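Before any comments, here is the structure.
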Amino acid sequence: MAPDSYIHILACLVSLARSHGVIKTQQDLIATYTPQLAKWQNEPGLLNVTELVGFLRVLLNTKAHIITEEKDGIISLMKHSDTIGGFVITRKYWDEKGDLADYNHCKRITGYSGDGLELMNPKQDDLADIVGWKWDSLGLWKAYALIVQR
């Protein structure tokens with residue numbers, strides 16, 4: 001995915017921040033950063049990967065952001081002592097008609113094993129659920145992982 005591909009990712013960002021003691025809501029971030037991000041006037045919370053990395057640096061003082069599509073790479077990076085979390089970003093997802101379409105979507109990695117990933121899946125109504133993914137789902141959804149390290 002190109003860094004200029006946009007994703008609604010604030011729910012995952014806020015969730016990761018909370019798990020590390022930074023209590024911000026999506027509304028807090030939108031209120032604070034809309035003056036700096038003109039596109040938020042029409043699409044609040046829309047970020048590309050480069051902007052997400054900037055938010056992670058500001059909110060969580062992170063330094064490394066590693067993108068991988070490989071199971072072994074994800075497991076190895078998630079085990080690393082400097083890793084504080086990660087996201088799976090899809091390039092395919094269900095559209096409003098229930099068809100598989102080109103659509104960027106983010107899920108937060110909440111667990112992993114040799115069998116697959118456990119992901120927090122944000123919903124439109126600010127709720128979230130936990131979904132299990134087998135490793136082959138990365139290919140089905142044309143997804144990659146963004147691993148966050150201090």
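Here are some notes:
- The set of residues from the stretch 84-106 being at positive phi and part of a loop (DSSP other than H, G, I, E, B) comprises just one member, 98.
- Taking each residue of the stretch 50-77 that is in contact (Cβ under 8 Å) with a residue 40 or more places away in the chain and looking for partners that are aromatic (Phe, Trp, Tyr) and assigned to a helix (DSSP H, G or I) with beta-carbon atoms closer than 9 Å, six or more apart or interchain, yields 55/33.
- Subset of the stretch 67-83 that is farther than 20 Å from residue 131 by Cα and aliphatic (A, V, I, L, M) - its residue that is surrounded by the most Cβ atoms within 10 Å (Cβ to Cβ): 77
- Hey, residue 81 at pLDDT 95 or above, outside any strand (DSSP E or B) and over 14 Å from residue 146 (Cα atoms) or not: yes
- Extreme residue, surrounded by the fewest Cβ atoms within 10 Å (Cβ to Cβ), among residues of the stretch 107-146 that are without any contact (Cβ under 8 Å) to a residue 40 or more places away in the chain, hydroxyl-bearing (Ser, Thr, Tyr) and not in a helix (DSSP H, G or I): 113
- In the set 37, 47, 59, only one residue is surrounded by 14 or more Cβ atoms within 10 Å (Cβ to Cβ) and under 14 Å from the mean Cα position of the chain (by Cα); that residue is 47.
- Within the stretch 1-23, the residues that satisfy the criterion of being within 16 Å of the chain's Cα centre (by Cα) and either farther than 27 Å from residue 93 by Cα or part of a loop (DSSP other than H, G, I, E, B) (or both) are 1, 2, 3, 4, 5, 6, 9, 20.
- The stretch 102-123, residues that are within 24 Å of residue 79 (Cα to Cα) and basic (Lys, Arg): 107, 108
- All of (1) in contact with a Pro (Cβ under 8 Å, 6 or more places away or on another chain); (2) of a type in the set (A, V, I, L, M, F, W, C); (3) farther than 14 Å from residue 84 by Cβ hold for residue 67 with one exception: (1).
- When residue 122 is tested against (1) modelled with pLDDT of 95 or more; (2) touching a helix residue (DSSP H, G or I) at 6+ places or on another chain (Cβ under 6 Å); (3) of a type outside the set (Val, Ile, Thr), only condition (1) is not met.
The values are calculated or read from the model by the stated rules, or taken from the named source; none is laboratory data. Keep in mind that this is a model prediction, so the values were computed, not measured. Please note: Cβ atoms are built from the backbone with ideal geometry, for glycine as well, and neighbour counts cover all protein chains shown.
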